[in-house]
Amino acid sequence: MRSFNRRKFLLTSAASATGALFLKGCTGNPPDPNAAGTGTSPSPQAAGDISPEMMPETPNIKLGYIPIVESAPLIIAQEKGFFAKYGMTGVEVSKQANWASARDNVTIGSQGGGIDGGQWQMPMPHLITEGIITNGNKVPMYVLAQLITQGNGIAVAPMHEGKGVNLDISKAADYIKGFNKTNGRKFKAAHTFPNVNQDFWIRYWFAAGGVDPDTDIDLLAVPPAETVQGMRNGTMDAFSTGDPWPYRIVTENIGYMAALTAQIWPYHPEEYLAIRADWVDKNPKATKALLKGIMEAQQWIDDPQNRPEVVQIVSGRNYFNVPPTILESPFKGQYTMGDGQPAIDDFQKGPLYWKDGIGNVSYPYKSHDLWFLTESMRWGFHKDAIPDFDTAQKIIDKVNREDIWREAATEAGFTADIPSSTSRGVETFFDGITFDPTNPSAYLQSLTIKKV
């Protein structure tokens, strides 16, 4: 593997388009109106010593990403030469303006000026496959790997300090639900895209404390920059967000962190690599080569000694375009929470990419796909398209390609880290609720606030 050349990176970064201010960082820099996204063109790289039977059908693919810590495996695999090591010398990682742009760009594909796949909140690949969020245009996709666990949290505006709006909001439920009577508007919260990860995290948190996110508050999909400005001026109360936002929200007194998702659901599934099925079916060797590069990147990132270099790479103008100091703390698992809460200093509470305290992070467990679709059913999302568990399981079996992950890991020699089952087993949340993937209906029955 090649070493990272800092001077070369800075020169490359300087030649790229000027990025937006940090307040636009979570949604990406605005792309050229004639381009699919702000991309990083592949640098000339030499392929590793690859046997003919492992040689990829093509070295080229265009992967979209959003400039948040979930995208680090894609960026590191490119910059550290892990893609090239396995013959993927023409990978392009393309910054997307927001999640809706990523969805639209994968729908047209790279041949139409879009992307072949990339980083996704869940269950976007399943919804795109079924045409649920693409105006009925079904674009089959394959989920190939989980990119990260944790690295997210719930930020709350400073006006709510001292009100008990922290991890367990049960004692603050009356305050939140009665906010309209004293303030002339409902308690307002935001996430970046509806019916996916960050929407689910904040919904679970509210509901666990006795607050119905659909009736007791206003819960909206709002761009991060607009949300943060709302928290500054007192018109936005809570925000489901990810690193690098928590650091700036606290240090600039924009708000405080009520909870980390690492507290809500330790080692939870977060964002994933998914690629158009037609590309994967046409390029099975290239798909496995791509996965091997990402797996090596995930292992490299998880070495604490490499985290400072990770910060320097991803914070650069080509990628996140933020000061490195904003990323240093979360990559160490260090979070100042605010509102009188103890600070967190635990590497296992920060973003993890390859292994965590209970298993493999990268492996795409089908049991986690099932939780996302079960949670969709809980809130009444897509009722016509996902009416029951049988339908959900059929979609999962069509979209989740854990078999390709296993093949790639075996060929790369990572056999010691291959899980023995497609299920991670029973999952436990901070409020004591459990999700048993063998009996998802019991999970739904155990929930007090739901739409089913």
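Counting only lysines at least 8 places from K450 when in the same chain, those with an alpha carbon closer than 26 Å to its own are K163, K171, K177, K181, K186, K188, K366, K383, K394. All Cα-Cα separations within the range 72-120 were binned at 10 Å from zero, giving a P(r) of 25, 47, 27, 1, each value a whole percent of the pairs.
At 7 Å along the Cα-to-beta-carbon direction for both E407 and Q445, put a label point, then send me their distance in nm to one decimal. So the two model labels end up 4.0 nm from each other. Separation of the range 271-311 from the range 368-386 is 27 Å, based on Cα centroids. Principal axis extents of the C-alpha atoms in the range 100-181 (largest first, rounded to whole Å): 53, 29, 20. Return, ordered by residue number, the residues of the range 235-278 whose backbone nitrogen is under 18 Å from a label point located 7 Å along Cα→Cβ of Q348. Label zone hits: 260-269. Applying both filters, DSSP loop and at most 14 other Cβ atoms within 10 Å, to the trypsin sites (Lys or Arg not before Pro) of the range 327-407 gives K383. Using the Stokes-Einstein relation with a Kirkwood hydrodynamic radius computed over Cα pairs, the translational diffusion coefficient of the range 252-354 at 20 °C and a viscosity of 1.002 mPa s comes to 134 µm²/s.
Just to be sure I follow: if Rg is taken over the C-alpha atoms of the range 337-452 and Rh is the Kirkwood radius over the same atoms, what is Rg/Rh?
Across the range 337-452, the Cα-based Rg/Rh ratio is 1.03.
From the alpha carbon centroid of the range 124-183 to that of the range 221-263 is 12 Å. The share of C-alpha pairs in the chain whose separation exceeds 31 Å stands at 37 percent.
Solvent-accessible area per residue for the chain at a 1.4 Å probe radius, Å²?
37
The value given for the range 135-213 is a Kirkwood hydrodynamic radius of 14.9 Å, derived from the mean inverse Cα-Cα separation.
Under conditions of 20 °C and 1.002 mPa s, the range 178-226 yields 190 µm² s⁻¹ as its translational diffusion coefficient, taking Rh as the Kirkwood radius over Cα pairs in the Stokes-Einstein equation.
Here's the list of aspartates and glutamates a cross-link from K85 could span, going by alpha-carbon distance under 20 Å and ignoring same-chain residues fewer than 8 apart: D49, E53, E57, E296, D302, D303, E309, E407, E411.
Distance distribution note for the range 43-100: the fraction of Cα pairs above 13 angstrom is 61%. Straight Cα distances below 20 angstrom link K349 to the lysines K332, with same-chain residues fewer than 8 positions distant left out. For the range 362-409, the equivalent ellipsoid built from the Cα gyration tensor has semi-axes of 24, 10, 6 Å, listed from largest to smallest. For the range 314-394, the calculated P(r) over all alpha carbon pairs, in 10 Å bins from 0 to the bin holding the longest distance, is 15, 25, 25, 27, 8 percent.
The values are calculated or read from the model by the stated rules, or taken from the named source; none is laboratory data. If you're wondering where the values come from, they're calculated on a predicted model, not measured in any experiment. Please note: Cβ atoms are built from the backbone with ideal geometry, for glycine as well, and neighbour counts cover all protein chains shown. Each accessible area value is taken on the protein alone, full model and side chains, heavy atoms only, with ligands, DNA and RNA left out. Shrake-Rupley method; radii C 1.70, N 1.55, O 1.52, S 1.80 Å.
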